[in-house]
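Take a look at the structure below.
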Ligand SMILES: Nc1ncnc2c1ncn2[C@@H]1O[C@H](COP(=O)(O)OP(=O)(O)O)[C@@H](O)[C@H]1O
Ligand SMILES: [Mg+2]
């Protein structure tokens, strides 16, 4: 267990523009070790941009992102790709599985990149696919999967390496409410079991209820919450 008392990941006063659109205008968020933090807010409020900046996928134009002692916003691409392999697991809003690979190989890939043998990686991938209820779809390619199956596969891929931080961008967006609840319960129990922190973007209040804490974005800034959850 970490003995640090401060946040594991802290974004301060982030500013980010996409062309002429100001996606973030001074957004701040802190994620503590083992915490599940929901980020809510209307479409276009900057949620995905905040997640991408905090995961080191997008560099902010201003502000800072600290991951323990490291300034993610100014560190090298090599260090960032290493961190994404070892410490972070990301579930993108629209899954983004690799179309040429089977579902099993998609989930096995992060382990293989970290040096696990293909056989072992595929076995562990199969276990994670089973936990998310898509163990029977391992030989399918992403184009043959339903949106919900692909989303479950993307979650398995994010968790298979045992990351310290899971970034999940609307991970239940392609699921009906019952399936969404099952997938959330699985994500939360996996995170609790491994001690991973989760940054969870959602606009579903039922999904946000799984979190320890919630922050709401409006117009690229964190807005005050009306009462704690
Ligand atoms: N790659 C991009 N190019 C241009 N505009 C973008 C891009 N990504 C996001 N935006 C714009 O930035 C704003 C915030 O987007 P986003 O972070 O995706 O919000 P959310 O996830 O809350 O819907 C929106 O107005 C969106 O249209
Ligand atoms: Mg988004």
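Just so you know, all these numbers are worked out from the coordinates, no wet-lab data involved. Because the structure is a prediction, the values reported are computed rather than measured. For neighbour counting, all protein chains shown are included, and Cβ atoms are generated from backbone atoms with ideal geometry for every residue, glycine included.
A few notes on this one:
- Helix 147-159 and the longest principal axis of the Cα set of the chain meet at an angle near 80°.
- Here the translational diffusion coefficient of the chain follows from Stokes-Einstein with Rh set to the Kirkwood radius across Cα pairs; for 37 °C and 0.692 mPa s it amounts to 185 µm²/s.
- Residues residue 136 and residue 70, FRET efficiency given R0 of 30 Å [Cβ-Cβ distance, rounded to 0.05]: 0.15
- Relative contact order [Cα under 8 Å, 6+ residues apart], the stretch 97-161, whole percent: 45 percent
- Extension gain (nm, one decimal) between residue 101 and residue 205, 0.36 nm per residue minus Cα-Cα: 34.0 nm
- Sorted into 10 angstrom bins from 0, the C-alpha pair distances of the stretch 152-227 split as 17, 52, 27, 4 percent.
- Between the helical axis of 103-113 and the longest alpha-carbon principal axis of the chain there is an angle of about 70 degrees.
- Between 184, 112, 54, the Gaussian network model of the chain with springs among Cα atoms under 10 angstrom shows the greatest mean-square fluctuation at 112.
- Taking the longest Cα principal axis of the chain as reference, the axis of helix 177-194 is set at about 80 degrees.
- Using C-alpha pairs under 8 Å with a sequence gap of at least 6, the mean separation divided by the residue count of the chain gives a relative contact order of 29 percent.
- Separation of the residue 182 and residue 82 label points, Cα + 7 Å toward Cβ, nm: 4.1 nm
- Residue of 86, 76, 40 that the Gaussian network model of the chain assigns the largest fluctuation, springs spanning Cα pairs under 10 Å: 76
- What the pair-distance distribution of the stretch 97-161 shows, using all Cα-Cα distances binned every 5 Å from zero, is 4, 24, 36, 24, 10, 2, 0 percent.
- Residue 194/residue 21 FRET efficiency (R0 45 Å; Cβ-Cβ; nearest 0.05): 0.80
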